[in-house]
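The values are calculated or read from the model by the stated rules, or taken from the named source; none is laboratory data. Since the structure is predicted, the reported quantities are computational estimates derived from the model, not experimental observations. No Cβ is skipped: glycine too gets one built from the backbone with ideal geometry, and neighbour counts run over all protein chains shown. Please note that ligands, DNA and RNA were not included when accessible areas were found on the heavy atoms of the full protein model with its side chains. Shrake-Rupley method; radii C 1.70, N 1.55, O 1.52, S 1.80 Å.
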Amino acid sequence: MSGRRQETFDAIVIGAGAAGLMTALTAGQRGRRVLVLDHNDEPGRKILISGGGRCNFTNLHTMPDRFLSQNRHFARSALARYKPADFLALVEKHRIAWHEKTLGQLFCDGSARQILEMLLDECDNGDVTIRLSETVRDVQFSGHFTVETDTHTLTARSLVLATGGLSIPKLGATGFAHRLARQFGVPLVPPAPGLVPLQANIEDLEWMPALSGVSLPVRVQNGRTAFEEAMLFTHKGLSGPAILQISSFWKPGQSIRIDLLPDKDAFETLRDARTGRSRAHAVAILAELMPRRLAEVLGPRLLGGKAAGEWPDKMLRAAAETLKNWQFSPSGTEGYAKAEVTTGGVDTKALSSRTMASTTLPQLYFVGEAVDVTGWLGGYNFQWAWASGHAAGTAL
Ligand code: FDA
């Protein structure tokens, strides 16, 4: 006979990321025998690289309207039962120094590794077993789950899928949760890259790459959704917080409105320049309103080479319109390789919002990014991982 080892647990969690570890520590501390499996050789890789290495672990302004989902109300219950203050209490219990950066975003003063170590410590307190470098070969259900890995046959009453979304395959992201959902007849909302840079179309690529590295505050809008944050020109298109935020809402074929002077009436400003600074040229005038490199590209394109006093009304109006209402038509996104998150995923209409369990197979749970709940940029995605993990961990 083969040397396969057999073991039984109350719950098996697949995925040792943010949501999986939170599920496991919560259930473990309630006395459940929990096993966490991950195919990576270390847990929480995304936690380690998050927030530029300082982990933006929550957002003080967390509320359901900061999340995208086909069911806007789904996240409400879990978010109400595990709040940013609850996670902060854990952070403080572990004496991890933190600060608010901006817009309610909380970061570690030190390193993201402190958050991972805190979660692993709490898993330890709950006697959670974590096995890394484990490849799951097969999952079957017959009153209980049987999980076959390369080396073990594992059985458990409950199974939690915490394998995240498709973003950043090189960190170990897979579509495993989506595959298991299909296997057990749980519907999916088509996934797409979210919080991702947008690529310029061929025409814009003639002039935009020269601006790579230029950043400025803008207002971006897609339909009724708008964000006011910084935008960054890249050698492929646009990025920066404003663009990442709006990218989660963008669909192929749509254009995005960009206001390059969000605090100004561009027409009035240019008209005042025409009378007050009639000998100045466009670049000098625009450079007072935006980064000089951008002014150098936009000035001649929008206002020609003549001094302000000679700008005709029609040109001035068209320039103001472009500055306030630039219709940027991306050719696409930079894809899962660069996306911070995956939108879509396991359809929430097939899950209990209280427990994250499948409504047709209540011993099967989905948590974190695998579920069709995607937060804005700024700590919301981790808060969803903590809240959904806590909801499942409390129910297991
Ligand atoms: P997560 O992806 O964290 O974990 C899934 C786990 O499952 C991984 O350990 C993976 O190895 C494992 N796995 C996958 N397939 C498997 C398989 N077939 N078998 C076994 N194991 C498998 N959010 C935020 O709120 N603040 C921030 O600062 C940042 N910063 C940030 C930076 C970057 C570069 C990225 C890419 C993302 C962020 N995010 C973020 C988003 C955040 O990291 C993300 O939403 C959460 O990590 C999702 O947590 P999950 O536990 O659901 O998945």
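Quick notes
- Comparison of L103, L132 shows that the only residue that is modelled with pLDDT under 95 and either within 11 Å of the ligand (Cβ to nearest atom) or over 22 Å from F184 (Cα atoms) (or both) is L103.
- Residue count, the range 351-396 (criterion: within 12 Å of the ligand (Cβ to nearest atom), open to solvent by 40 Å² or more (accessible area, probe 1.4 Å) and among the β-branched types (V, I, T)): 0
- Residue, nearest to V128 (Cα to Cα), within the range 32-41, restricted to residues that are more than 8 Å from the ligand (Cβ to nearest atom) and open to solvent by 60 Å² or more (accessible area, probe 1.4 Å): R33
- P64 within 15 Å of the ligand (Cβ to nearest atom) and either farther than 21 Å from R157 by Cβ or open to solvent by less than 20 Å² (accessible area, probe 1.4 Å) (or both): no
- Verdict on R257 being outside any helix (DSSP H, G or I) and either open to solvent by 80 Å² or more (accessible area, probe 1.4 Å) or over 30 Å from G375 (Cβ atoms) (or both): yes
- The criterion of being open to solvent by less than 70 Å² (accessible area, probe 1.4 Å) and on the phi > 0 side of the Ramachandran plot holds for G185.
- Selection count, the range 297-332, where residues are touching a strand residue (DSSP E or B) at 6+ places or on another chain (Cβ under 8 Å), open to solvent by 40 Å² or more (accessible area, probe 1.4 Å), not in a loop (DSSP other than H, G, I, E, B) and not charged (D, E, K, R): 1
- Which numbered condition R45 fails, given (1) open to solvent by 30 Å² or more (accessible area, probe 1.4 Å); (2) touching a strand residue (DSSP E or B) at 6+ places or on another chain (Cβ under 7 Å); (3) touching a residue at least 60 places away in the same chain (Cβ under 8 Å); (4) within 11 Å of the ligand (Cβ to nearest atom): (2)
- Considering the range 135-147, and only residues there that are without any contact (Cβ under 8 Å) to a residue 24 or more places away in the chain, away from the ligand (no atom under 11 Å from the Cβ) and not acidic (D, E), the residue that is least open to solvent (accessible area, probe 1.4 Å) turns out to be T146.
- Taken over the range 148-168, the criterion of being of a type in the set (A, V, I, L, M) and either surrounded by fewer than 22 Cβ atoms within 10 Å (Cβ to Cβ) or touching a Gly at 6+ places or on another chain (Cβ under 9 Å) (or both) is satisfied by V160, L161, A162, L166, I168.
- Within the set T355, T360, T394, T343, the sole residue that is touching an Asp or Glu at 6+ places or on another chain (Cβ under 8 Å) and either outside any helix (DSSP H, G or I) or within 30 Å of L90 (Cβ to Cβ) (or both) turns out to be T343.
- Residues in the range 205-245 that are in contact (Cβ under 8 Å) with a residue 40 or more places away in the chain, touching a strand residue (DSSP E or B) at 6+ places or on another chain (Cβ under 6 Å) and not in a strand (DSSP E or B): L211, V214, K236, P241, I243, Q245.
- Matching entry among E122, E100, E117, E92 (being buried (at least 18 other Cβ atoms within 10 Å of the Cβ) and of a type in the set (D, E)): E122
- For V341: the one exception among (1) open to solvent by less than 10 Å² (accessible area, probe 1.4 Å); (2) in contact with a Phe, Trp or Tyr (Cβ under 8 Å, 6 or more places away or on another chain): (2)
- Checking D86, D41 one by one, the residue that is assigned to a loop (DSSP other than H, G, I, E, B), among the charged types (D, E, K, R) and over 17 Å from the mean Cα position of the chain (by Cα) is D41 and no other.
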